[in-house]
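Below is one structure, written out as C-alpha cells; comments come after it.
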Amino acid sequence: MFYDISLYSSLAIFALGFLYKVSTWFALKPSVDSKTIPPAQRVASALKGIISTVASPKILTLIKVFLLDIVLQRKVLKEDALRWSAHLLLYGGFMLLVLMHALDKVITAALFADYSSTINPFMFLRDLFGLFMVVGVCLAVYRRFILRAPRLTTTPRDSYALLLLALVMVSGFLLEGTKIGSYSRYQGMAREYAGLEEEEEMKPLTAFWVANFGTVAPDLKEPFEAELLEAGREIHEMSCAGCHSRPQWAFGGYSVASVSRGIALGLDRAGIPTLLWYLHFLACFMGLAYLPFSKFFHIITSPLSLLANSVMDRRVSEPANIATRQALELDACMHCGQCTSRCSVGIVFEQRANVNILPSERMQSLKGVVWGRHGDEEELRLLFDGAYLCTNCHRCTDVCPAGINLEELWFTVREELFQRHYPEFLALSPLSFYRGLMRQDIAEGDYREALVRTREAVTSGYELLKAQDRPIELAATERELSTGLLFSDQARTFRGCFGCQTCTNVCPVVANYENPKEILGMLPHQIMYAAGLGIRDLAFGSGMLWDCVTCYQCQEQCPQGVKVTEVLYELKNLAIHHGQERQRFKG
Amino acid sequence: MKGALFLGCTIPARLPQYESSSRAVLGRLGVELVDIREFNCCGYPLRNTDLKAALLCAARNLALAERENLDMVVLCKCGFGMLKHAHHRIKDDTLLREDINRRLTKEGLEVSADTEVKHLLSVLYHDVGVDTIREQITRPYGELKIATHYGCHALRPSEILHFDDPVNPTLFDTLVEATGAESIHWQARLDCCGAPLLGSNDDLSMDLTEKKLASAQQAGADYLCVGCPYCHIQFDTVQRMIHRERGRNHLLPPILYPQLLGLSLGIDREMLGLGMNQIDITSVEKFLSA
C-alpha cells in the first residue's frame, strides 16, 4: 500500500515535472529574435521540423548520432577515457538495472517465462550491474573531489545526484546482504515454497541453507552431520533449487552477508531488512520524482540536443525551432565541465575572478537569466564580461557531449545583453573580430548602436577634451600615471617624449582622416605628452586610444625610444579598468 | 627541425586550410610537428583590456612547449607577436615570472622562457632554408606577380621580434621568389591590414584594408600573399564585405603562403584547401609550369 502510494505519487510528480519542463522549451525566449514568436507557433514548427526530418535522408544522420554519440558516447571517449569509463559504467549499469530489475515485472518477466529475481543469470547480473554503478560513482567522485582538474567546479546539484545514486546502490546491496542472512526471510520461503511449517521439520533444510546459503539461524550452527545435510539437500533440490541459485552469485550482497554474519540475527529481529527495503525503494522513487528537476534530466535532454544539433543549421533552420532548441539546450547541460577544460581562455579565470569566463559556469548563469532568475545588474554585467571574454574558437562546442551549440548560445547572449543597453568594454578589442564577421546576422542599427554606446561609456567622465578653451587645472593630474605605477617598465618610457610628432606622422590611423583631431581627439604624440604630465583625462577621453590598430609603427620609429604602442595598451587597460569600476559603482 | 605547432583560436575555427596547407608543406620539407592539445588562447585579443591576463595566457602556452622541450611554430602573426612579447617580458622580469608561475603551478606548469617562439615563415627561411625549398620545387611559377603582406606583429617591435629588418624586410619576398613567382615592390606593404579594428570600428578597419588592396593592385599584383589568419580573413572575407557594402571591388585575392608554396612543391590541391578561400584562388594553378 505504502509502496504503491509512493510509487504513484512519484510517478505523478515525474510526469508533471516532465511536462512542465517540456513546455518551457517552447515558452522560454533565449534570443532576441525569438521574442515575437508565440509558443503555439513554436510547437507547430517543431512538429513540422521533426516530421520532415525523420522522413528525409537526414534520418541516417540521426541513426548515426544515436549509435555513436548517444549510446557509445564517442565525444566523451575522445576527451577523457576516465570520464568515459565512469559514465558508461554509470549509465550502462543504471539502464540495465532499470530494465531488468526495477521493471522486472513488466519487462524481464515478459521476456523470460521462468524469471525469478533469485535465480541466475538474473541474480548475478543484478549485482554485476550494481557493481558497474558503484565503480562509476566512485570514479565520478574521484574525478570531482580528488583528481580535481583545473577549473572544474562541483555544484550542489552535482553532489546531490551522486549522493542519491550512492544511496540507491548502498541500500540495495545492504538490503540484499541482510536478506541473505535473514532467518525470518528464510522461514517465509521455506513455508511458502517447501510447505514446511514446524521448525523441527525445517531442520534439515535449515542446516543445508546455513551451511551453503549464508542463512544465520538462531540455534543451528555448523558443523552438521552429513546425514542431516543430505536430507536438507533433497528438500532443497525438490522445492528450492528451481528458483533460487546459490547466493554467492549475488557477490555484492553475499559479501555484505559474510561480513555481517555475527550480527545477522540481531539485524533480522530488529527488522532491518524491511527498513532497508523502504530506504531502497524510497530512494529510487525520490530519484524518479526529482529527475525532471535534477541533472539526471540530461538522460532525456542530452540525446535530444545531440539529435537536434546534428540536423539543424542556424542559417537554414526556422528561427522558431532555433529558439526551441536553445531552450532545450539549457536543460541538456549536465555540468560535466568538458567545455571548461577545453576552453581557450579558461586560464584567464586565474587572473580575473569571474566564473562566467568558464563556459560550464556561464551556462549556469545563463539559465538563471533566461528563467528570469537573475539577481542584480552586477550579475548580468559579470555574465556579459564572461561571455565577451571568448575567442569563438569553437572548442567548447566541439567537445560538448550533449552536442550543445555553445558558441551560438554565447553569440545569442551577447547580443541579448547589448540589447538591454549594457556597454561592454571588452568589445573595444580584437575580441570583437568575430562579431564583425557575423554582422550580417545582427540588425545594422543594433550592431552599431552597441559599439557607440560602449565608446561613450568608456570615454564618459573625461570632459577635459571638450573644454579646450579652459586652462588645465593642476588638480587633474594623476599620480598613478606620472609616478609610473603602470604595469610594465616599457610603458614608463613616455617620460622621454619631447613632442617631435614622429609617432603621429607615421600613424596610419591619423593619416586616414583629413581632420584627425576632430575624429580622434588627441593624437599619439599628444597622448604621450599628456601621460608625461600625468593628465589622465586628456588621454582617456581620446578616441585615438580605441582606434589604435597596434601596428607599432609609432614605437618602431620613435627617436626617443618611447614605447608608444605599449603606453597606449596600458592606457587602454587603465581606462577600461576605471570604466568597469564606474559601471559597478552605478550598478 | 622539430617544433610544437601553435594554431591559436582563429585557424581551427575559421581557417582550417591554413592548418592543413602548413602541415602539408612542413611535412614535405622535413619539419616534424608535435601537437599540444592543451594550448590555449595566445593572449593577443586580451591585450587592450587586460595585459596581465594576456601574459598569463601566453605564458601557459610557453610553459606547455617548454614541458616538451620544444620550440613553438606559430602560424599567426598576432599570436607570434604576443608570444614573443610575453617571452621577452618573462625572461626579463623576475617578479612577473614568479607571479605567473604562482598561477601556473596549480596545474603543474612552470615557465622560464627557455625555448624559442618562431613564426612559420622564419622556420621555412632559417630552419629549412631557402636552398632546400628551391631544390624541392617541382613546378615553379612563371609570370606570377605576388604582393607580400608582412604583417605588423611579425615585424614590429623589431627589438623584441627579430623577425626581419623592420624598414626593409626581405625574408618573405625571398620565400615567395623561391617558388618562381615575382615578388613586386608596393608602397603599402608594411602597413596594417585593418583586422585589429574589425568589430570595434569597421569603417576605419575597412578603410585601411582598402588602402592596402588598392596599393597592391596598383603595383600590378595578381595575388596578395599572407602568413596570418587575421590578415587573411581581412583580405578575404572582409574584402567581400567591402564589395557588398561599399560597392568597391578590388579584385585582389589573398593566398596563404603555404598554399602558394605547396602547389609549386606539387602537393595536392585538396590538402592545401585551395577551394576553401572565400575569394577564389584556383586560377593560380594556371601560372604553374607544366
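Quick note: the coordinates plus some simple rules give every number you see, no bench work behind them. Everything numeric in this text was worked out from a predicted model, so none of it was measured. All Cβ positions, even for glycine, are placed from backbone atoms using ideal geometry, and neighbour counts span all protein chains on display.
Each of the peptides A:352-361, A:243-252 was scored by the mean count of other Cβ atoms within 10 Å over its residues; in descending order, highest first, they stand as A:352-361, A:243-252. For the set A:Lys517/B:Lys211; A:Lys572/B:Lys52; B:Lys52/B:Lys84; B:Lys212/B:Lys286; A:Lys29/A:Lys295, the pairs lying more than 23 angstrom apart at their alpha carbons are B:Lys212/B:Lys286.
Fewest Cβ neighbours within 10 Å first, please rank B:Thr170, B:Thr10 accordingly.
Details: B:Thr170 13, B:Thr10 28.
So the ranking, lowest neighbour count to highest, is B:Thr170, B:Thr10.
Sequentially through region A:420-433, phi angles give Karplus couplings (6.51, -1.76, 1.60; θ = phi - 60°) of 7, 6, 8, x, 10, 5, 5, 5, 8, 7, x, 4, 7, 3 Hz, Gly and Pro residues having no value and appearing as x. With an a/c value of 1.5 or above and a/b not larger than b/c for the gyration tensor axes a ≥ b ≥ c computed over the alpha-carbon atoms, region B:127-251 is described as oblate. The P(r) of region B:1-144 has a tail past 20 Å containing 48 percent of all C-alpha pairs. Considering only B:Met241, B:Met271, B:Met82, the Gaussian network model of chain B with Cα springs below 10 Å gives its largest mean-square fluctuation to B:Met241. In sequence order, region B:171-177 has phi-based couplings of 3, 5, 4, 4, 4, 5, 5 Hz under the Karplus curve 6.51 cos²θ - 1.76 cosθ + 1.60, θ = phi - 60°, and Gly or Pro positions carry x.
For region A:246-293, what is the per residue volume of the convex hull drawn over the alpha-carbon atoms, in cubic angstrom?
Looking at region A:246-293, the number lands at 100 Å³ per residue.
Scanning residues 5 or more positions from B:Cys41 or on other chains, those with amide H under 5 Å from its amide H are A:Val345, with H placed 1.01 Å from N in the peptide plane. Going by neighbour counts of Cβ atoms within 10 Å, the residues A:Thr391, B:Thr174 line up, fewest first, as B:Thr174, A:Thr391. Take each residue of peptide B:37-46, count the partner chain Cβ atoms within 10 Å of its Cβ, and average: the result is 6. Note on A:Glu424, A:Glu234, A:Glu350, B:Glu177: ascending count of other Cβ atoms within 10 Å places them as A:Glu234, B:Glu177, A:Glu350, A:Glu424, the fewest first. How far is it, in nm, from the label point at A:Gln440 to the one at B:Leu95 when both lie 7 Å from their Cα along the line to the Cβ? Calculated label separation equals 5.1 nm. One compactness figure for the protein assembly as shown is 1.19, namely its Cα radius of gyration divided by 2.2 N^0.38 Å. When DSSP beta bridges are limited to those with both residues in region B:132-287, what percentage is antiparallel, rounded to the nearest 5? Just about 0 percent of them are antiparallel. Amide H contacts of A:Ala402: none lie under 5 Å away among residues 5 or more positions distant or on a separate chain (H built 1.01 Å from N in the peptide plane; Pro and chain starts excluded).
Our note on the geometry: Cα centres of region A:116-191 and region B:152-208, 64 Å apart. Most simply put, chain B has about 5% antiparallel DSSP beta bridges, counting only bridges with both residues inside it. Of all beta bridges that DSSP places with both ends in the protein assembly as shown, some 10 percent have antiparallel geometry.
Taking a ≥ b ≥ c as the square roots of the eigenvalues of the alpha carbon gyration tensor, region B:43-86 is oblate, as a/c is not under 1.5 and a/b does not beat b/c. Under 5 Å from the amide H of B:Val117 lie the amide H atoms of B:Met72, each residue being 5 or more positions distant or on a separate chain, with H modelled from the backbone and absent for Pro and chain starts.
Helix B:16-28 and the longest principal axis of the C-alpha atoms of chain B enclose an angle of approximately 90°.
Taking a ≥ b ≥ c as the square roots of the eigenvalues of the Cα gyration tensor of region A:294-348, is the shape rounded (a/c under 1.5), prolate (a/b larger than b/c) or oblate?
Working: a/c = 2.47, a/b = 1.35, b/c = 1.83.
Note, shape of region A:294-348 comes out oblate.
Computed from Cα positions, the angle between helix B:51-67 and the longest principal axis of chain B comes to roughly 90 degrees.
Backbone phi angles across region B:104-109, fed through the Karplus curve with coefficients 6.51, -1.76 and 1.60 (θ = phi - 60°), yield HN-Hα couplings of 6, 4, 3, 10, x, 10 Hz in residue order; Gly and Pro are listed as x. When restricted to Cα atoms, region A:180-278 yields an Rg and a Dmax of 12.9, 40 Å, respectively.
The mean number of Cβ atoms from other chains found within 10 Å of a Cβ in peptide A:540-546 is 1, as a whole number.
I'd like to verify something in chain A: which complete DSSP H helices, judged by Cα projection on the helix axis, reach 30 Å or more and average at least 0.0 on the Kyte-Doolittle scale?
Membrane-span-like by this criterion, though nothing is claimed about a membrane: A:2-27, A:156-181.
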